Number of protein chains: 2
Amino acid sequence: MATTIKDVAKLAQVSPSTVSRVLHDNSRISNTTKERVMQAMHSLNYHPNAIARSLAKSNTKTLGLILPNDELELFQNSFFIQAMRGISIYAKLHGYKLMYNFSIDEQEEIEYLENYIHDNWVEGVILFTSRQDDKCINYLHKRAFPFTVIGRPSSPETGFWVDNDNFQAMYSVTEYLIEKNCSSIAFLGGLRELDVTLNRLSGYKQAIKSHGLELQENLICTTTRFSEEEAYEQISELLNNNTVDAIAATDDILAFGAIRAMQDFNQTLLPIIGFNNTVRGQYQTPALSSVEINPTELGYKACKLLIDSLEGLDNPYNHFIVETKFIERDTTQPQLFSKRLVQV
Amino acid sequence: MATTIKDVAKLAQVSPSTVSRVLHDNSRISNTTKERVMQAMHSLNYHPNAIARSLAKSNTKTLGLILPNDELELFQNSFFIQAMRGISIYAKLHGYKLMYNFSIDEQEEIEYLENYIHDNWVEGVILFTSRQDDKCINYLHKRAFPFTVIGRPSSPETGFWVDNDNFQAMYSVTEYLIEKNCSSIAFLGGLRELDVTLNRLSGYKQAIKSHGLELQENLICTTTRFSEEEAYEQISELLNNNTVDAIAATDDILAFGAIRAMQDFNQTLLPIIGFNNTVRGQYQTPALSSVEINPTELGYKACKLLIDSLEGLDNPYNHFIVETKFIERDTTQPQLFSKRLVQV
DNA sequence: TTGTACGCGTTATCAG
DNA sequence: CTGATAACGCGTACAA
């Protein structure tokens, strides 16, 4: 067995409570005994047992993360591990531990949350995505359990969350294309039940309207899975039935599928922009213009909101908006803007 | 406060120990009281407090993972998150919880390990990489703390580990190139202090020798960082000073740099093979031939070794070898094999 | 079959 | 400034 507070107390010839005091050096203790206790701790290589401490203080200094299990999204995209790293940076700063789980669906996510809450093992939860009418968010709210969401939830005024300004980011990207004289811009989005998709779609629509263009519903497509293949199919069909002169995609992965569709359609590439600034997008040919969303920062800030709240250090807001940055590469080069794919 | 075992006991009119017994349903209890206690647990929505249980049983059912913090490697490569998922699958099967940390260097890794051990918060550790004379492995051995390594350690006979047969995988790949009549095959590896690099290098060397070719030390290059850029530089220099007719790389990322170097050298592409079967390699042009190493399976088996050991269910071996699979794509197509880059 | 009493290692309250 | 003592919630010998 490891050495306990009692062993130290015995060696230093004081009571366990005194040892506990030097451990927290809050109460005023005489320097001599403090010295003696420190000596004892050192010579016994004593380290407090975190479990026992947790039981006594009824706090675990542990946060739980719930990751989606969608292989396509998870493995093509360094978003999650980057966000996890951002979380870990702030957590370390405040001595918090991190646990993780992969969930296969919303049902299993709820189960994980129930366990998290009942076990008393974690003090707060970080969710990596936000859906329309999200069951996890609703559940956590109902249980009044501390949590943060990465992604703008449906009710942004309650609870903690971090996000990019997805509306603005997509607005800007769309505006950029419009200013290059594109007028039939297709929207290519991911799952429609995700808030991120809807927020970006809103930005797209607003940009179209603000610039006096006609909003063409048939140019809006979303996928049911997070899949390059489905993007390929959707864009192939779109190009066959519509006039299109640019594509705004909500994710690089989807953009990759769209690019292949354009190449297969008739060798002609239209301007296209993705999101997430993936490594693959940087290095493929043509290099993909994309919006960097700063996942590490998103994770960091999400963690900050949660921990600060648990520690009683409240932030002025219940959310953080993380900057995005449009990174221009080959797929928005000038020569592409003259082209236009028309129904034949 | 959450409901405790006492509340249940009171409601069911039994003693706390009886409640504890139905919780573990080991001791023989009368069905009537068992029923009554279950009713009480249900109506109070009772869930045992995991912290208290851990303290009493002095086990936490928690494992700690230590991830490297190298952005280049971490974010370009879904290896880590795939392995983490594999780990989580087995952990869930046995009710184990998982914690994670990102370390910036070997020193910080040791610190994390010390905390893990002293805190008594985790029962075992999973390391994601193995170095030559690995300080973490040595430390864990010295402390006799349970752990598994993903990667073949320097002393494979002691401790738990999982790995691909890196020697054999690289041997096969090299042999494949030799059989296509390549005789000046360059080896492009990552950090030389990593066991994975050395194991693959051994396979390369053995294949060269076994086929009666001359081992040219100057065709062996390794990078000091895990970086596409450095691979680009190394291969550029290599091509300038040597005759080369194929490249065997230990990682897709490095292969990407090498491909760019070849393209810049004089538009000529040599056959090249990478490892890890990255998504980018599948979709780039030319699509990269690569060795799939099954990271999810590696994580799963690593976790299995550790948990089985902790639970007293010993495996016949102290390690698992996970299958690899060579996946052939554009960069090993026949037409490439006639070419040869010669010093001018 | 069930209850009592104590321990797990720490913190917190209350005396002194 | 320091030391008993009682929690924290659960598991488990030992009794009954």
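Quick rundown of the values:
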quantity	calculated
Residue within the stretch B:251-262 that is away from chain A (no Cβ under 14 Å), in contact with a helix residue (DSSP H, G or I) (Cβ under 8 Å, 6 or more places away or on another chain) and β-branched (Val, Ile, Thr) present	no
Members of the stretch A:208-231 that are within 27 Å of the chain's Cα centre (by Cα), charged (D, E, K, R) and assigned to a helix (DSSP H, G or I)	A:Glu228, A:Glu229, A:Glu230
Residue in the stretch A:74-90 that is within 13 Å of DNA strand C (Cβ to nearest atom) and not assigned by TED's automatic domain parsing to the domain that holds A:Thr224 present	no
Unmet requirement for B:Asp133, which otherwise passes all of (1) farther than 20 Å from B:Gly190 by Cα; (2) in a loop (DSSP other than H, G, I, E, B); (3) open to solvent by 60 Å² or more (accessible area, probe 1.4 Å)	(1)
Subset of the stretch A:97-113 [among the aromatic types (Phe, Trp, Tyr) and open to solvent by 20 Å² or more (accessible area, probe 1.4 Å)]	A:Tyr112
Candidate set from the stretch B:1-24 (those that are touching a residue at least 24 places away in the same chain (Cβ under 8 Å) and farther than 17 Å from B:Ala52 by Cβ); member that is farthest from DNA strand C (Cβ to nearest atom)	B:Leu11
Residue among B:Gln234, B:Gln284 that alone is farther than 21 Å from B:Leu177 by Cα, over 24 Å from the mean Cα position of the chain (by Cα), open to solvent by 20 Å² or more (accessible area, probe 1.4 Å) and touching a residue at least 24 places away in the same chain (Cβ under 8 Å)	B:Gln284
Search result, residues across the stretch A:1-32 that are within 7 Å of DNA strand D (Cβ to nearest atom) and of a type in the set (A, V, I, L, M, F, W, C)	A:Val14, A:Ile29
Failed item, numbered, when B:Tyr139 is tested on (1) away from chain A (no Cβ under 13 Å); (2) farther than 23 Å from A:Ala2 by Cα; (3) of a type in the set (Ser, Thr, Tyr)	(2)
Close pairs (7 angstrom Cβ cut-off, 6 or more residues apart or separate chains): without any contact (Cβ under 8 Å) to a residue 24 or more places away in the chain in the stretch A:26-50, aliphatic (A, V, I, L, M) and near DNA strand D (Cβ under 9 Å from one of its atoms) anywhere	A:Ile29/A:Val22; A:Thr33/A:Val14; A:Lys34/A:Val22; A:Met38/A:Val22
Subset of the stretch A:33-50 [closer than 30 Å to B:Asn59 by Cβ and near DNA strand D (Cβ under 9 Å from one of its atoms)]	A:Val37
Among the candidates A:Asn101, A:Asn115, residue that is free of Cβ contacts under 8 Å to residues at least 60 places away in the same chain, among the polar types (S, T, N, Q) and more than 7 Å from chain B (Cβ to nearest Cβ)	A:Asn115
Every pair of residues 6+ apart whose Cβ atoms lie under 7 Å, when the first sits in the stretch A:311-338 and is closer than 14 Å to A:Thr148 by Cα while the second is surrounded by fewer than 16 Cβ atoms within 10 Å (Cβ to Cβ) and charged (D, E, K, R)	A:Asp314/A:Asp308; A:Asn315/A:Asp308
Wholly within the stretch A:1-92, helices (runs of 4 or more DSSP H) carrying at least 1 residues that are at pLDDT 90 or above, crowded, with 16+ Cβ neighbours inside 10 Å and more than 14 Å from chain B (Cβ to nearest Cβ)	A:5-12, A:16-24, A:31-44
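The values are calculated or read from the model by the stated rules, or taken from the named source; none is laboratory data. As the structure is a computational prediction, the values presented were derived from the model and not from experiment. Cβ: placed from backbone, ideal geometry, glycine included. Neighbour counts: every protein chain shown. Each accessible area value is taken on the protein alone, full model and side chains, heavy atoms only, with ligands, DNA and RNA left out. Shrake-Rupley method; radii C 1.70, N 1.55, O 1.52, S 1.80 Å.
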